[in-house]
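K.L.:
Please find one structure pasted underneath; my questions will follow.
FYI, it's all coordinate maths here, none of it is from the lab. Being a predicted model, the structure only gives us computed values, none of them experimental. Neighbour counts are summed over all protein chains in view; Cβ atoms, including those assigned to glycine, are modelled from backbone coordinates with ideal geometry.
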Amino acid sequence: MADKKSSVTQKGEKVSPSQEFKKQAAIQSLAEYKRLYSESVKNPKKFWNTQAKDLLLWRKPWKQTLKWKEPHAKWFVGGKLNVCENCVDRHLGTARENKAALIFEGEPGDQKTLTYRQLHTEICRFSNALETMGIRKGDRVAIYMPMVAEAVVAMLSCARIGAVHTVIFGGFSSESIKDRVNDCSAKLVITADGGWRRGKIIDLKANVNEALKGCPSVENVITLKRASNRVHMKKGRDHWWHDLVANASHVHKAKAFDSETPLFVLYTSGSTGKPKGVLHTSGGYLLGTTMTSKYVFDLRESDTYWCTADIGWITGHSYVVYGILSNGGTNVIYEGAPNEPGPDRFWSIVDHHKVTIFYTAPTAIRAFMKWGEAHIKKHDLSSLRLLGSVGEPINPEAWKWYHKVIGGGRCPIVDTWWQTETGGIMITTLPGAAYSKPGSAGLPFFGVVAKVFNDAGREVRRGRSGKLVLTQPWPSMLRTLYGDNRRYKETYWSEYDGVYFCGDGCRQDKDGYFWIVGRIDDVLNVSGHRLGTAEIESALVSHPSVAESATVGRPHDIKGSAIVCFVTLKDGYKGNDALKATLRAHVGGEIGPFAKPDEIRFATALPKTRSGKIMRRLLKDIAAGKEIHGDTTTLEDVSVVRQLQEQG
């Protein structure tokens with residue numbers, strides 16, 4: 001349960017955990033964090049040896065902790081383990097056996113709980129079914145499913161038999177499915193007839209059928225009956241999930257695989273150009289996600305944890321499936337939209353399931369702010385003891401609102417910076433060890449050596465902005481881009497010699513805290529000033545009238561880039577010229593006169609994917625008066641784009 005006493009003291013922009021929280025935390029002081037961090041970067045092989053032995057179950061010990069030949073890493077060389085066994089089997093025969101592993105809630109309101117014993121049974125049956133279909137170690141399996149328990153079963157079953165899964169977000173179009181399936185030559189697709197979203201059925205099987213007209217590598221399709229919508233099943237290729245598992249044995253012995261056995265390929269957005277297939281392997285990735293889950297979320301045996309991310313994204317892989325289950329955690333998963341049937345759906349789930357740890361995105365937080373506190377006050381959120389933020393820099397205004405309104409002023413917030421490529425959390429504030437700074441990602445996690453470089457490749461002084469780099473290999477790092485090692489080197493290792501280039505703008509303050517200012521390609525050059533779009537957006541959202549904003553650049557003959565801001569307003573405010581002038585002056589006051597937006601456009605909504613990310617490339621086209629290009633099928637509401645074009 002949550003701390004009874006107030007768990008924060010605020011001094012300016014620093015927010016500290018309560019003594020009560022610190023006493024129960026896994027890491028209880030800044031001194032303890034600094035000691036462990038120092039060990040992790042000064043003697044990383046010894047540090048990671050200890051962590052791997054303590055946190056994971058190995059079938060065979062490794063001979064070499066790290067084999068590093070820039071830019072390729074191999075961790076725990078010669079060691080063998082099974083990722084699924086670490087997530088499920090090892091909890092059997094312990095007190096966790098009958099503990100809830102997954103608590104599923106569908107958008108229509110249906111619920112299902114799987115204990116670790118029950119999850120193991122489902123995985124064994126499906127693993128046997130996969131092997132009956134001819135799936136073997138190294139085969140690629142595409143998973144295109146709604147956010148249901150069976151999607152987790154599918155992932156873990158692939159891991160159990162050594163197949164490489166590639167999860168495709170359920171909002172992607174048939175063309176996007178085809179691109180990803182063909183890139184990795186998937187042999188099997190696992191899908192569902194449909195899934196629920198905003199009260200409607202999304203016809204997933206139809207998208208798969210269309211995609212497979214151009215996917216010669218696919219031999220079979222397994223379809224889960226979820227929404228009972230009518231679907232076309234091709235004889236000989238298509239099989240119902242329930243038919244395959246009906247007679248499958250519930251006994252399946254997990255095999256041990258080499259630590260560097262590929263676990264999954266996950267494609268980055270690919271909104272422009274060919275999607276990048278990020279390849280993660282087994283031992284190092286599992287250690288990174290297990291360890292960060294344990295310490296960043298301060299996981300306790302009694303916790304009920306909910307990460308709102310879809311498993312189609314890396315957050316769903318690392319902090320819905322692998323990291324949480326390997327720690328024996330209880331995981332809530334929800335299928336649908338946060339405002340279906342009403343804007344209080346998330347808080348209803350928190351209240352009903354007594355969620356203690358809640359991990360979501362700043363975009364969602366700003367939506368909650370816009371919808372108002374009345375929906376939140378309908379429900380008892382006193383079970384919450386820790387909050388998390390992921391996906392993009394969180395502006396201080398949203399951070400403070402999240403802390404006060406959702407956390408009741410008592411819950412520490414772990415803002416987390418990391419990437420699909422890093423596999424796990426890299427920069428954050430360990431909740432019992434250090435104070436947080438609203439808007440800052442925090443301090444580097446163990447083993448993470450992060451620095452801020454200028455264009456010449458030299459580290460800048462603290463307080464100066466530059467490019468974020470990582471100078472030391474870490475266990476959960478990507479190994480390459482699937483089938484494209486040259487692109488891997490060019491994308492991540494060519495900016496500077498010998499270091500990983502993150503692609504993010506950043507500054508580090510005098511206390512060592514990192515402030516992420518957004519992607520480098522989201523940094524505008526305005527009359528010689530480098531401005532992070534996230535900084536401008538944060539300034540806008542700090543004004544009481546603004547619910548959410550998105551900033552893009554438009555080519556300008558004199559200044560290089562003109563600043564165009566799309567703004568949604570809170571209820572009770574009207575967009576007019578006077579408010580535009582007020583907001584321009586507000587940004588100028590917050591950042592400097594050079595940062596005043598050239599143009600402010602009011603919008604009823606911003607174009608977002610179903611995962612909640614703002615599609616800024618569309619806004620760039622709209623701001624420049626160009627035709628919309630690229631895939632728009634992942635948009636939550638396509639009509640938003642049309643409205644913005646008409647307003648322009």
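K.L.:
Measure off 7 Å from each Cα along the Cα-to-Cβ vector at D557 and R198, then give the distance between these two points in nanometres to one decimal.
P.N.:
About 4.1 nm separates the two model spin labels.
K.L.:
Considering only Cα-Cα distances, which of the following residue pairs are longer than 19 Å: K42/K451; K213/K234; K580/K626; K42/K510? Intermediate values should be presented prior to the final figure.
P.N.:
Working: K42/K451 16 Å; K213/K234 12 Å; K580/K626 24 Å; K42/K510 22 Å.
The pairs that break the limit, which is 19 Å between Cα atoms, are K580/K626; K42/K510.
K.L.:
Need the list of aspartates and glutamates near K596 for cross-linking: C-alpha distance under 14 angstrom, and skip anything on the same chain fewer than eight residues off.
P.N.:
Correct list for K596: E535, E537.
K.L.:
Under the rule of -39500 (n - 2.57) per DSSP H run of 4 or more residues, summed and divided by the residues of the chain, what mean residue ellipticity at 222 nm is obtained, to the nearest 500 deg cm²/dmol? All intermediate terms of the calculation are to be shown ahead of the outcome.
P.N.:
Details: 20 runs with 186 residues, N = 648.
Calculated at 222 nm, the ellipticity per residue is -8000 deg cm²/dmol.
K.L.:
Now, a different point. Report relative contact order for the range 448-579 in percent, whole number only (criteria: Cα-Cα under 8 Å, sequence separation at least 6).
P.N.:
16 percent
K.L.:
Continuing with this model, one more query. Can you figure out the FRET efficiency of A456 with F594, using R₀ = 25 Å and their beta-carbon distance, to the nearest 0.05?
P.N.:
Details: r = 24 Å, r/R0 = 0.95.
Computed FRET efficiency for A456 and F594: 0.60.
K.L.:
On to the next question. At q = 0.10, 0.21 Å⁻¹, work out log10 I(q)/I(0) for the range 298-419 with the Debye formula, treating every Cα as an identical point scatterer and leaving solvent out; two decimals please.
P.N.:
Summing over Cα pairs of the range 298-419 leads to -0.27, -1.35.
K.L.:
Under a crude label model (7 Å from the Cα following the beta-carbon direction), how far is L30 from N43 in nanometres?
P.N.:
Between L30 and N43, the label points sit 2.6 nm apart.
K.L.:
Cross-link candidates for K74: which aspartates and glutamates have Cα within less than 14 Å, leaving aside residues fewer than 8 places away along the same chain?
P.N.:
Within the straight-line cut-off, K74 pairs with D258, E260.
K.L.:
Now for a different question. Taking the Cα centre of the chain as origin and charging only Cβ (+1 Lys, Arg; -1 Asp, Glu), how large is the dipole, in debye to the nearest 20?
P.N.:
Details: 90 positive and 68 negative charges, 285 e Å.
The calculated dipole for the chain is roughly 1380 debye.
K.L.:
Follow-up question, since we're still on this one. Output wanted: per-residue J couplings in Hz (rounded whole) for the range 56-71, from phi through Karplus 6.51 cos²θ - 1.76 cosθ + 1.60, θ = phi - 60°, x for Gly and Pro.
P.N.:
10, 9, 10, 7, 9, x, 8, 9, 9, 5, 9, 10, 10, 10, 2, x
K.L.:
With a cap of 16 neighbouring Cβ atoms within 10 Å, and only residues DSSP puts in a loop, list the GluC sites (Glu not before Pro) found in the range 89-137.
P.N.:
On the way: sites: E97, E105, E122, E131; in loops: E97.
Answer by residue number: E97.
K.L.:
Are any of the pairs K354/K613; K255/K608; K137/K613; K22/K377; K23/K467 more than 31 Å apart by Cα-Cα distance, and if so, which? Write out the running numbers ahead of the final one.
P.N.:
Values: K354/K613 27 Å; K255/K608 42 Å; K137/K613 34 Å; K22/K377 28 Å; K23/K467 37 Å.
Over 31 Å apart, Cα to Cα: K255/K608; K137/K613; K23/K467.
K.L.:
Further, regarding this structure: Using +1 at the C-beta of Lys and Arg and -1 at the C-beta of Asp and Glu, which of V83, F264, P362 has the Cα lying farthest in the positive direction of the dipole of the chain?
P.N.:
V83
K.L.:
For the range 424-446, list residues with backbone N below 20 Å from a point placed 7 Å from the Cα of D509 toward its Cβ?
P.N.:
426-445
K.L.:
Please identify the trypsin sites (Lys or Arg not before Pro) of the range 424-484 that satisfy two criteria: DSSP loop assignment and at most 13 other Cβ atoms within 10 Å. Which are they?
P.N.:
Details: sites: K451, R458, R461, R462, R464, K467, R479; in loops: R458, R461, R462, R464, R479.
Passing sites in the range 424-484 are R458, R461, R462, R464.
K.L.:
Give a residue-ordered list of calculated ³J(HN,Hα) values for the range 480-497 (Karplus: 6.51 cos²θ - 1.76 cosθ + 1.60, θ = phi - 60°; whole Hz; x for Gly, Pro).
P.N.:
5, 9, 4, x, 8, 5, 5, 5, 4, 5, 5, 6, 10, 10, 9, 5, 9, 6
K.L.:
Further question on the same structure: Pairwise over distinct Cα atoms, reciprocal of the mean inverse distance: report the Kirkwood radius of the range 120-262 in Å, one decimal place. List each step's numbers first, then the result.
P.N.:
Details: mean 1/r = 0.0661 Å⁻¹.
So the Kirkwood estimate lands at 15.1 Å.
K.L.:
To continue, here is another question. Can you give the charge dipole size of the range 527-647 about its Cα centre, rounded to the nearest 20 debye, using +1 on the beta carbon of Lys and Arg and -1 on the beta carbon of Asp and Glu?
P.N.:
Values: 17 positive and 15 negative charges, 26 e Å.
Here the size comes out at about 120 debye.
K.L.:
Taking the Cα centre of the range 434-487 as the origin and placing charges on Cβ (Lys, Arg +1; Asp, Glu -1), which of L481, L470, V452 is farthest toward the positive end of the dipole?
P.N.:
It is V452, whose Cα lies furthest towards the positive end.
K.L.:
Moving to a separate point now. Please name whichever of F602, G572, V541 sits farthest to the positive end of the charge dipole of the range 527-647, dipole taken about the Cα centre and charges placed at Cβ: Lys and Arg +1, Asp and Glu -1.
P.N.:
Checked the options; the winner is V541.
K.L.:
One quarter of the convex hull surface, Cα atoms only: what value does that give for the chain in nm²?
P.N.:
Details: hull surface 108.5 nm².
Its Cα hull, projected and averaged over all orientations, spans 27.1 nm².
K.L.:
Leaving out same-chain residues fewer than 8 places away, which aspartates and glutamates sit with a Cα under 13 Å from that of K559?
P.N.:
Result set, ordered by chain and number: D598.
K.L.:
Calculate, for S185 and A256, the FRET efficiency according to 1/(1 + (r/R0)^6) with r their C-beta to C-beta distance and R0 30 Å; round to the nearest 0.05.
P.N.:
My answer for the efficiency is 0.70.
K.L.:
Still on this structure: Give me the distance in nm between label points sitting 7 Å out from Cα along the Cα-to-Cβ direction at D243 and N525, one decimal.
P.N.:
In this crude spin-label approximation the distance works out to 6.0 nm.
K.L.:
Take the alpha-carbon centre of the range 163-242, take the same for the range 490-523, and report the distance between them in whole Å.
P.N.:
Cα centres, the range 163-242 to the range 490-523: 37 Å.
K.L.:
Let me ask another. How much space per residue, in cubic angstrom, does the convex hull of the C-alpha atoms of the range 527-647 take up?
P.N.:
Cα convex hull per residue, to the nearest whole number: 111 Å³.
K.L.:
As an exercise, identify the trypsin sites (Lys or Arg not before Pro) in the range 42-144 lying in DSSP coil whose Cβ has no more than 16 other Cβ atoms within 10 Å. Could the numbers behind the result be given before it?
P.N.:
Working: sites: K42, K45, K46, K53, R59, K63, K67, K69, K74, K80, R90, R96, K99, K112, R117, R125, R136, K137, R140; in loops: R59, K63, R96, K99, R136, K137.
Of the trypsin sites (Lys or Arg not before Pro), the ones in loops of the range 42-144 whose Cβ has at most 16 other Cβ atoms within 10 Å are R59, K63, K99, R136, K137.
K.L.:
Shifting gears a bit: Could you give the size of the charge dipole of the range 279-341 about its Cα centre, using +1 on the Cβ of each K and R and -1 on the Cβ of each D and E, expressed in debye and rounded to the nearest 20? Mind showing how you got there, number by number?
P.N.:
Numbers: 2 positive and 6 negative charges, 51 e Å.
Dipole about the Cα centre, nearest 20: 240 debye.
K.L.:
Further question on the same structure: Just want to confirm a number: the relative contact order over the range 365-411, from Cα pairs under 8 angstrom separated by 6+ residues, in percent.
P.N.:
Working: 24 pairs, mean separation 23.2, N = 47.
Across the range 365-411, relative contact order equals 49 percent.
K.L.:
Spelling out what I want: for every residue of the range 22-35, take phi, set θ = phi - 60°, compute 6.51 cos²θ - 1.76 cosθ + 1.60 (Karplus), and round to whole Hz; glycine and proline get x.
P.N.:
4, 4, 9, 6, 5, 10, 9, 8, 5, 5, 5, 4, 4, 5
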